[in-house]
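Visitor: Before I ask anything, let me first share the structure, which is written out below as C-alpha cells.
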Amino acid sequence: MATDRTAVIGFPVDHSLSPIIHNHWIKELGLDTKPYEKINVDPNKFEEQINNLKAEGYGGLNVTVPLKELAFSISDETSGVSKKLKSVNTLSLNSEKINGDNTDAVGFINSLDEKTIENNIANKKTLVLGAGGSARSVVHALNELGGHVRLFNRTLEKARILLDDLSINSSPVGAEELDDYANSSSFIVNTTSLGQKAGEHNNILRFENIEMETFIYDLIYNPKRSSFLEQAEAKGLKVQNGLRMLIEQAACSFQIWHEIKVGVSEELMSLLESV
Ligand code: NAP
C-alpha cells in the first residue's frame, strides 16, 4: 500500500520527534510523498477528526498519548498484539477500512542487543517500574522474550490489572520487597514518566546493592541521561535510554505504510540526540 500523507497524532503532539525520524527516511529514500506531519487531535472529537484526516488523504497515522486506546476502539481490524494490548499506535486508513497495529512492543524488542536478551532477559528475573501505557508493551515484550516479569507501580492496583489483562502469571512487587527483588533482577526498566521534567529525580530504586551484571533501561530519551540512568551509570552498570526504541517503533510503522525496511543509522541517532 503506497501511503502519500502520514502524520503523528496526539494531544498535545507538539514535542514529538516522529516527524524528524520519518522525514529523514522519506528524504534518504527519495520517496515521492508529502512530508510527515504532527497534528493535534482532540480526544473528545476523535472519530470525527480521524474521518476528516482520512477524507484529506492521510493514509498512515502514528498515535501517541492519550489517543492509543481510542485508536484501538475505532479500528475495523487490529493486529494480534494490538488486541492483546488494547492499544494502537499505527493506523492505516483506506476507503474501505481502518487497520490498527501496535509497534511499541516490537520496537522495544528490536532496540535490544541479542546479548542483552540472552544474558539478562531470557529465563531471567526482570523488573518493570510503572504500569502505564508503555509498561503494557514492555511487559508483553519481556514475556515474549522469555523473561520472568514482575512490576512495581506507585498505584499497586494498576500493576495488578495490567498483569491480569495481559494474562501474565506473575504478581506486582510491593514497596516493602522492591529493593530485594531489584537486587536479584538481571534487567530493570523504568517505564514511569518520572524524570522527564527538568529537575525531576527518579528515586524509586536504591542502586547500592544492584548486581553489576544488571542491565538498566529507561524509556525516557529526553533528557538523554535521566536521573535514573545517571544513578546506574555512577555505579558502573550497563544502561540504555529510550531513543533506539523510539526509532525502532517508527521503523516498523514506516514498513507497514511504505513496505520498505529502514534501519537505525548513526546519522539518525545523532540527529535526534542533537535536538
Ligand atoms: P502513562 O501511561 O501516563 O504512565 C505513567 C506511569 O508513570 C504510571 O505508571 C505512573 O504511576 C508513573 N508515574 C508518573 N509519575 C510518577 C511519580 N511521580 N512517581 C512514581 N510513578 C510515577 O505514560 P506512558 O505512556 O507509559 O509513558 C511513560 C514514559 O515512557 C514517558 O516518559 C514517555 O515519554 C516514555 N515513552 C517512551 C517511549 C519510547 O519509544 N522510548 C515509548 C512510550 C513512552 P501511577 O499509575 O501510579 O500514576
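Visitor: Among the residues of the stretch 94-102, is there at least one that is outside any loop (DSSP other than H, G, I, E, B), touching a residue at least 60 places away in the same chain (Cβ under 8 Å) and surrounded by 20 or more Cβ atoms within 10 Å (Cβ to Cβ)?
Guide: Within the stretch 94-102 (the criterion being outside any loop (DSSP other than H, G, I, E, B), touching a residue at least 60 places away in the same chain (Cβ under 8 Å) and surrounded by 20 or more Cβ atoms within 10 Å (Cβ to Cβ)), the answer is yes, since at least one residue qualifies.
Visitor: Another question, if that's okay. Out of 88, 81, which single residue is of a type outside the set (S, T, N, Q), surrounded by 20 or more Cβ atoms within 10 Å (Cβ to Cβ) and in contact with a helix residue (DSSP H, G or I) (Cβ under 7 Å, 6 or more places away or on another chain)?
Guide: Going through 88, 81 in turn, just one is of a type outside the set (S, T, N, Q), surrounded by 20 or more Cβ atoms within 10 Å (Cβ to Cβ) and in contact with a helix residue (DSSP H, G or I) (Cβ under 7 Å, 6 or more places away or on another chain): 88.
Visitor: Shifting gears a bit: If you check residue 140 against the conditions, is it out of contact with any His (no Cβ under 6 Å at 6 or more places or on another chain) and within 20 Å of residue 85 (Cβ to Cβ)?
Guide: Here the answer is yes, as residue 140 does meet what is asked.
Visitor: Can you tell me which of (1) within 9 Å of the ligand (Cβ to nearest atom); (2) within 13 Å of the chain's Cα centre (by Cα); (3) of a type in the set (Gly, Ala, Ser) is the one residue 141 doesn't meet?
Guide: Among (1) within 9 Å of the ligand (Cβ to nearest atom); (2) within 13 Å of the chain's Cα centre (by Cα); (3) of a type in the set (Gly, Ala, Ser), residue 141 violates only (1).
Visitor: I would also like to ask the following. Right, residue 245: under 23 Å from residue 61 (Cα atoms), among the hydrophobic types (A, V, I, L, M, F, W, C), within 14 Å of the ligand (Cβ to nearest atom) and surrounded by fewer than 16 Cβ atoms within 10 Å (Cβ to Cβ) or not?
Guide: On the way: under 23 Å from residue 61 (Cα atoms): yes; among the hydrophobic types (A, V, I, L, M, F, W, C): yes; within 14 Å of the ligand (Cβ to nearest atom): yes; surrounded by fewer than 16 Cβ atoms within 10 Å (Cβ to Cβ): no.
Answer is no for this residue.
Visitor: Among the residues of the stretch 117-146, which ones are assigned to a loop (DSSP other than H, G, I, E, B) and farther than 21 Å from residue 248 by Cα?
Guide: Selection gives 123, 124, 130, 131.
Visitor: Residue 100: more than 27 Å from residue 18 (Cβ to Cβ), touching a Phe, Trp or Tyr at 6+ places or on another chain (Cβ under 7 Å) and of a type in the set (Gly, Ala, Ser), yes or no?
Guide: No.
Visitor: Quick check on the stretch 183-216: of everything there that is without any contact (Cβ under 8 Å) to a residue 60 or more places away in the chain and under 18 Å from residue 123 (Cβ atoms), which residue is farthest from the ligand (Cβ to nearest atom)?
Guide: 211
Visitor: Next question. Are any of the residues in the stretch 147-155 surrounded by fewer than 21 Cβ atoms within 10 Å (Cβ to Cβ), modelled with pLDDT of 95 or more, of a type in the set (Val, Ile, Thr) and part of a loop (DSSP other than H, G, I, E, B)?
Guide: Yes, that holds for at least one residue.
Visitor: Pairs needed: first member in the stretch 34-62, farther than 17 Å from residue 15 by Cβ; second member anywhere, outside any helix (DSSP H, G or I) and hydroxyl-bearing (Ser, Thr, Tyr); C-beta distance under 6 Å; at least 6 residues apart or different chains.
Guide: The qualifying pairs are 59/3; 60/3; 60/6; 60/92.
Visitor: Quick one: in the stretch 118-138, of everything that is without any contact (Cβ under 8 Å) to a residue 60 or more places away in the chain and surrounded by fewer than 22 Cβ atoms within 10 Å (Cβ to Cβ), which residue is farthest from the ligand (Cβ to nearest atom)?
Guide: So the residue we want is 123.
Visitor: I've got another one for you. Can you name the condition, by its number, that residue 236 falls short on among (1) in contact with a Lys or Arg (Cβ under 6 Å, 6 or more places away or on another chain); (2) on the phi > 0 side of the Ramachandran plot; (3) not charged (D, E, K, R)?
Guide: Of (1) in contact with a Lys or Arg (Cβ under 6 Å, 6 or more places away or on another chain); (2) on the phi > 0 side of the Ramachandran plot; (3) not charged (D, E, K, R), only one is false for residue 236: (1).
The values are calculated or read from the model by the stated rules, or taken from the named source; none is laboratory data. Just so it is clear, the structure is predicted and the values come from calculations on it, not from any experiment. Cβ sites come from the backbone with ideal geometry, for glycine too, and all protein chains shown count toward neighbours.
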